[in-house]
1. Work out how much length Arg149 to Thr53 would gain on full extension: take 0.36 nm times their residue separation and subtract the Cα-Cα distance, in nm to one decimal.
2. What is the spin-label model distance, in nm, from Leu141 to Trp61 if the labels are put 7 Å beyond Cα along the C-beta direction?
3. What is the chain by shape, rounded, prolate or oblate, if you read a ≥ b ≥ c off the alpha carbon gyration tensor as root eigenvalues and call it rounded for a/c under 1.5, prolate for a/b larger than b/c, and oblate otherwise?
4. A 24 angstrom limit on the alpha carbon distance is what I want to check against. Which of Lys89/Lys166; Lys46/Lys166; Lys19/Lys89; Lys48/Lys166; Lys19/Lys166 exceed it?
5. Do you know the relative contact order of the chain, to the nearest whole percent, from alpha carbon pairs under 8 angstrom that are 6+ apart?
6. Only four residue types carry charge here, +1 at the Cβ of Lys and Arg and -1 at the Cβ of Asp and Glu. Report the dipole size of the chain about the Cα centre in Debye, rounded to the nearest 20.
7. Report, in deg cm²/dmol and to the nearest 500, the calculated mean residue ellipticity at 222 nm for the chain, where each DSSP H run with n ≥ 4 adds -39500 (n - 2.57) and the sum is divided by the residue count.
8. Hey, rough spin-label estimate for Ser119 and Lys89, points 7 angstrom out along Cα→Cβ, what's it come to in nanometres?
Amino acid sequence: MLNPDLKTIIIMGVSGCGKSVTGSLLAAKLDGVFEDGDDFHPASNKAKMSAGTPLNDEDRWPWYATLRQRIEDMRHLTPIYVLACSALKPIYRDRLRAHDSAETLRFVLLDGTQELIASRLAGRKGHFMPPSLLESQLATLDVTPDVIRVPIDQTPEEIVSDIIQKLAQA
């Protein structure tokens with residue numbers, strides 16, 4: 001059973017690891033609400049990434065502020081909020097966490113090999129994030145001990161079961 005104080009689960013990882021699919025399935029399983037953090041990027045960020053240019057921290061700060069406000073707003077609208085967001089650096093996770101404790105907000109990393117994720121990106125159509133940015137994202141990824149790691153070399157349903165089991169043990 002999940003901790004009743006848990007209000008927000010952030011499904012994190014590099015582009016192509018399955019954040020949207022996993023997050024939406026997890027939210028449905030927990031009777032919560034899922035949103036994709038990418039939907040909150042300003043047009044300027046999407047244009048920059050579409051051109052193959054990685055975002056810098058100055059590009060990200062307003063986006064993270066928007067996501068944090070959304071986390072707080074959703075506390076009044078749903079028992080559990082699942083947000084997909086890359087959150088690759090500890091400082092980004094700190095911005096999303098703000099004053100929340102680990103009992104209130106958890107980070108779940110969808111963890112896979114570069115080869116597996118690259119193959120998924122190669123088959124994806126119509127996304128603003130080009131496969132060419134995968135290497136820079138993997139180089140940026142800095143996993144801290146508070147992050148729950150879940151392997152993605154299984155079905156989406158198995159990934160969700162694994163997440164729920166690990167959250168219950170956390």
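1. Contour length minus the Cα-Cα distance gives 31.8 nm.
2. Between Leu141 and Trp61, the simple spin-label model gives 2.8 nm.
3. oblate
4. Pairs exceeding 24 Å: Lys46/Lys166; Lys48/Lys166.
5. 38
6. 240
7. -13000 deg cm²/dmol
8. 3.2
Read-outs throughout are calculated quantities, based only on the coordinates presented, and are distinct from any laboratory measurement. None of the values given here were measured: they were computed from a predicted structure. Every residue, glycine among them, receives a Cβ derived from its backbone with ideal geometry; neighbour counts consider all protein chains shown.
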